[in-house]
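To start, the structure under review is shown below, and the notes come after it.
The values are calculated or read from the model by the stated rules, or taken from the named source; none is laboratory data. What you see is a predicted model; the values in this text were computed from it and never measured. Using ideal geometry, Cβ is built from the backbone for each residue, glycine included, and neighbour counts are taken over all protein chains shown.
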Amino acid sequence: MIIMKKDATPAQVQHVIDEVGRAGLRTDVSRGAYLTIIGLIGDESKVDFTHLAALPGVKEARMIEAPYKLINREYSNAYGETGTRTVKVGNVEFGGPEPVFIAGPCAVENREDLFRIAEQCKAAGAHVLRGGVFKPRSSVHSFQGLGSAGTEEAIEALSWLQEAGREFGMPVVTEVRGEAQVDLVAQFVDIIQIGARNMYDQDLLQTAARKKLPVMFKRHFGASIEEFLCFSEYIAAEGNKDIILCERGIVPMGKGKSFTRYMLDLAAVPVVQKETYLPIIVDPSHATGRRDLIRSMSLASIAAGAAGLMIEVHDRPEDARCDAAQMIQPSELKEIIATARQLRKIAVK
Ligand code: PEP
Ligand code: MN
């Protein structure tokens, strides 16, 4: 990272960018209230930091030790931003003083169910509507989401999601399961979701990032926190720092029954907040797979400092084609949101 002097001229900033470019690296320029910082994208061993530090207008040039640099808290601190980044989606702000609640069914199944659930989620206090159109499933024999049937079906399901969001005043989020879906999905949604299984797909991350829409990025169930942050850097390196991280549980160790779908790593929330300025939310639904655990894990996540929650909701879960066991009723969502808001006030400084 290269920190420019307060009085550095635009020509001096450009000169540094050109010098870095000559070494074969790209740059990420952040202009804070007081300072301009230039982040490097590429192999830093090719750069002579002593040379860069001696260029006109440069205050300091040094390496950020962690492998994730552009999303590093150290990087934003350097240009005077000390808090969490707020990712704005319409009127909703992830990383602001109030927690954000994303709610909706696991999958978009039909227009009627989606609209009925969306209306109830809104009334319960949710801010963002979710619903999968392309579902990642372990078995090829399971329901893969309406979008998997063909382009026409995908457009129809995505339009319902967009319309329901507009009707009830909620931005919408859905998952892209592969690069081929990004162009289409980006035309209908406010946030692009990258699911846990695709956390390591760097081509998908880059393609999604280039749409310049906020990206909700879920941790893989086998990923360390460092890997999770390293892969979010792929999105930031495309010039898109509107990233909402999401903890959704990891695979537990040991023999025998775990009683939950995954193991919710709650310590990841404060750890990630120390490492990066990006907001992090928690998905207790996929983490536990059990509706009887959603309330306690939601409140625990808020107490841990999560910027929000993503919860699967269905008023007739017996009709749902996937994840019926973890979907809660809108009435329960309402109580969780109200309690979480109260809890946030006393638990988070
Ligand atoms: C989802 O949120 O719809 C989902 C499939 O979650 P995950 O990628 O965390 O399994
Ligand atoms: Mn689901």
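May I ask you to list the residues in segment 123-134 that are buried (at least 23 other Cβ atoms within 10 Å of the Cβ) and either over 23 Å from the mean Cα position of the chain (by Cα) or part of a helix (DSSP H, G or I) (or both)?
none
Have a look at 293, 264 and point out the one that is farther than 20 Å from residue 214 by Cα, over 20 Å from the mean Cα position of the chain (by Cα), at pLDDT 95 or above and aliphatic (A, V, I, L, M). Spell out how you get there, then give the answer.
Working: 264 fails: over 20 Å from the mean Cα position of the chain (by Cα).
After applying the criteria, what remains is 293.
Anything in segment 60-76 that is over 24 Å from the mean Cα position of the chain (by Cα) and surrounded by fewer than 21 Cβ atoms within 10 Å (Cβ to Cβ)? List them, or say none. Break it down stepwise before answering.
Looking only at segment 60-76, we keep the residues that are over 24 Å from the mean Cα position of the chain (by Cα), and these are 60-63.
If the condition is that a residue be over 24 Å from the mean Cα position of the chain (by Cα) and surrounded by fewer than 21 Cβ atoms within 10 Å (Cβ to Cβ), then 60, 62, 63 are the ones that fit.
Being away from ligand 2 (no atom under 13 Å from the Cβ) and not in a helix (DSSP H, G or I) is the filter here, so list the residues in segment 103-122 that pass it. Even if it seems obvious, please write down each step before you answer.
To start, the set of residues in segment 103-122 that are away from ligand 2 (no atom under 13 Å from the Cβ) comprises 110-122.
Answer for segment 103-122, where residues must be away from ligand 2 (no atom under 13 Å from the Cβ) and not in a helix (DSSP H, G or I): just 110.
State all residues of segment 306-316 that are within 15 Å of residue 99 (Cα to Cα) and either of a type outside the set (Gly, Ala, Ser) or surrounded by fewer than 19 Cβ atoms within 10 Å (Cβ to Cβ) (or both); if no residue qualifies, say none. Step through it out loud before you land on a result.
Quick first cut of segment 306-316, residues within 15 Å of residue 99 (Cα to Cα) only: 306-311.
Passing the criteria: 309, 310, 311.
Just to be sure before I move on: is residue 282 within 16 Å of ligand 1 (Cβ to nearest atom), free of Cβ contacts under 8 Å to residues at least 60 places away in the same chain, within 23 Å of residue 96 (Cβ to Cβ) and under 22 Å from the mean Cα position of the chain (by Cα) in the structure I sent?
On the way: within 16 Å of ligand 1 (Cβ to nearest atom): yes; free of Cβ contacts under 8 Å to residues at least 60 places away in the same chain: yes; within 23 Å of residue 96 (Cβ to Cβ): yes; under 22 Å from the mean Cα position of the chain (by Cα): yes.
So residue 282 passes the test.
Of all residues in segment 86-118, which are of a type in the set (Asp, Glu) and more than 28 Å from residue 146 (Cβ to Cβ)?
From segment 86-118, those of a type in the set (Asp, Glu) are 93, 98, 109, 112-113; that's our starting set.
Correct list: 93, 98.
Kindly indicate whether any position in segment 279-299 is under 22 Å from residue 135 (Cβ atoms) and away from ligand 2 (no atom under 16 Å from the Cβ).
No, segment 279-299 contains no residue that is under 22 Å from residue 135 (Cβ atoms) and away from ligand 2 (no atom under 16 Å from the Cβ).
Could you list all residues from segment 156-205 that are in contact with a Phe, Trp or Tyr (Cβ under 6 Å, 6 or more places away or on another chain) and surrounded by fewer than 16 Cβ atoms within 10 Å (Cβ to Cβ)?
202
Scan 116, 73 and give me the residue that is of a type in the set (Lys, Arg), over 19 Å from residue 317 (Cβ atoms) and more than 16 Å from ligand 1 (Cβ to nearest atom).
Working: 116 fails: over 19 Å from residue 317 (Cβ atoms).
The unique qualifying residue is 73.
Return the residues of segment 318-333 that are near ligand 2 (Cβ under 10 Å from one of its atoms) and crowded, with 17+ Cβ neighbours inside 10 Å; say none if nothing qualifies.
320, 322, 323, 326, 327
Filter the helices (runs of 4 or more DSSP H) completely within segment 145-250 down to those with at least 1 residues that are closer than 24 Å to residue 69 by Cβ. Steps first, please.
Values: elements: 151-168, 182-186, 202-209, 225-236.
In segment 145-250, 202-209, 225-236 are the helices (runs of 4 or more DSSP H) which contain 1 or more residues that are closer than 24 Å to residue 69 by Cβ.
With the requirement that a residue be touching a helix residue (DSSP H, G or I) at 6+ places or on another chain (Cβ under 6 Å) and over 28 Å from residue 81 (Cα atoms), what does segment 270-287 give you?
Listed by number, the residues that qualify are 284, 285.
Here are some residues: 222, 239, 305, 256. Which one is modelled with pLDDT under 95 and not basic (Lys, Arg)?
Details: 222 fails: modelled with pLDDT under 95; 239 fails: modelled with pLDDT under 95; 305 fails: modelled with pLDDT under 95.
Result: 256 is the single residue among 222, 239, 305, 256 that is modelled with pLDDT under 95 and not basic (Lys, Arg).
What are the residues in segment 135-153 that are in contact (Cβ under 8 Å) with a residue 24 or more places away in the chain and over 23 Å from the mean Cα position of the chain (by Cα), if any? Write out each step before concluding.
Filtering segment 135-153 down to residues in contact (Cβ under 8 Å) with a residue 24 or more places away in the chain leaves 135-137, 142-143, 145-147, 151.
Selection gives 142, 143, 146, 151.
Restricted to segment 1-29, and to residues that are touching a Ser or Thr at 6+ places or on another chain (Cβ under 9 Å) and assigned to a strand (DSSP E or B), which residue is surrounded by the most Cβ atoms within 10 Å (Cβ to Cβ)?
Looking at the filtered set, the residue picked out is 2.
One residue is enough: does segment 66-87 have a residue meeting the conditions part of a strand (DSSP E or B) and either within 16 Å of ligand 2 (Cβ to nearest atom) or not polar (S, T, N, Q) (or both)? Let's see the steps before the verdict.
Quick first cut of segment 66-87, residues part of a strand (DSSP E or B) only: 72, 87.
Pick out the ones that are also either within 16 Å of ligand 2 (Cβ to nearest atom) or not polar (S, T, N, Q) (or both) and you get 87.
Taking every residue of segment 66-87 in turn, at least one turns out to be part of a strand (DSSP E or B) and either within 16 Å of ligand 2 (Cβ to nearest atom) or not polar (S, T, N, Q) (or both).
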